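**Q** Dropping the structure in here first, questions after.
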Amino acid sequence: MKKVVTLVDYGMGNLGSVKKAFEYLGFEVKLASKGFELERADCMVLPGVGAFKEAMERLKSGGIKEEIRKKVLRDKIPFLGICLGMQLLFEFSYEGESEGLSIFEGKVKLFPKKEGVKIPHMGWNKINVVKDSLLLKGLDGQYFYFVHSYYVDTTDLDLVSSLCIHGLEFTASVERENIFATQFHPEKSGEAGLYLLENFGRLL
């Protein structure tokens with residue numbers, strides 16, 4: 001029997017590529033666009049591309065916000081956030097001055113302007129794994145694909161599982177208990193990305 005991955009569809013995710021990546025690895029993928037559709041999810045993936053404030057408005061209007069918090073914090077199902085899906089886990093973003101899901105402490109900030117540093121941060125970059133990580137096992141020093149202008153700033157250093165450098169050192173991924181998230185796009189990162197998604201799948 002295939003393991004089932006529930007992909008949150010709130011109109012702002014890179015759903016096609018994420019869905020294909022999991023299906024390529026042998027998983028069944030279900031799409032959920034309303035909160036009640038997440039009630040029976042055994043795991044959850046929250047992708048994201050676009051503006052933080054609009055994303056939060058859509059999560060609220062679809063009843064998804066509270067269901068994510070319930071399933072992740074109370075039921076402890078495996079959760080993976082990707083790109084904007086990682087940023088949404090935090091308290092506040094300066095992109096649109098919006099509150100987030102407040103699952104973790106931290107804020108989302110615009111990369112500072114710096115000579116020779118392009119914004120958005122777009123393309124392949126190396127991650128440095130900084131703690132024992134179920135998601136990133138075997139992936140220290142690997143290159144992943146990034147597309148973002150904002151980054152997570154958190155003082156909860158035990159949360160951070162990998163770092164990356166683009167003008168400054170920033171959080172490339174986070175991990176705590178059942179919750180995993182990456183600023184980069186594993187579904188666009190070739191073999192390393194597929195290996196990461198396999199690692200996540202082993203938790204199901």
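The values are calculated or read from the model by the stated rules, or taken from the named source; none is laboratory data. None of the values given here were measured: they were computed from a predicted structure. Note that we place each Cβ from the backbone using ideal geometry, even for glycine, and neighbour counts take in every protein chain shown. Please note that ligands, DNA and RNA were not included when accessible areas were found on the heavy atoms of the full protein model with its side chains. Shrake-Rupley method; radii C 1.70, N 1.55, O 1.52, S 1.80 Å.
**Q** Let me confirm something: among VAL18, VAL49, VAL45, which residue is open to solvent by 40 Å² or more (accessible area, probe 1.4 Å) and under 13 Å from the mean Cα position of the chain (by Cα)?
**A** It is VAL49.
**Q** Next up: How many residues are open to solvent by 10 Å² or more (accessible area, probe 1.4 Å), touching a Phe, Trp or Tyr at 6+ places or on another chain (Cβ under 8 Å) and without any contact (Cβ under 8 Å) to a residue 60 or more places away in the chain if we restrict to the range 52-82?
**A** Residues meeting the conditions: 5.
**Q** Is it the case, given these coordinates, that LYS107 is exposed (fewer than 14 other Cβ atoms within 10 Å of the Cβ) and at negative phi?
**A** no
**Q** Quick one: ARG176 ticks every box in (1) of a type outside the set (Phe, Trp, Tyr); (2) under 26 Å from PHE92 (Cα atoms); (3) touching a helix residue (DSSP H, G or I) at 6+ places or on another chain (Cβ under 9 Å); (4) buried (at least 22 other Cβ atoms within 10 Å of the Cβ) except a single one, so which number is it?
**A** For ARG176, the failing item is (4).
**Q** Please enumerate the residues belonging to the range 101-117 that are assigned to a loop (DSSP other than H, G, I, E, B) and more than 30 Å from LYS70 (Cβ to Cβ). Walk me through it before giving the result.
**A** Restricting attention to the range 101-117, the residues satisfying the condition of being assigned to a loop (DSSP other than H, G, I, E, B) are 101-106, 111-113, 115-116.
Matches in the range 101-117: PHE111, PRO112, LYS113, GLU115, GLY116.
**Q** Any idea how many residues of the range 68-100 are in contact with a helix residue (DSSP H, G or I) (Cβ under 7 Å, 6 or more places away or on another chain), assigned to a loop (DSSP other than H, G, I, E, B) and of a type in the set (A, V, I, L, M, F, W, C)?
**A** Residues that pass the stated criteria total 2.
**Q** Could I ask something else about it? Please work out if GLY96 is without any contact (Cβ under 8 Å) to a residue 24 or more places away in the chain, loosely packed, with under 15 Cβ neighbours inside 10 Å and of a type outside the set (Asp, Glu).
**A** no
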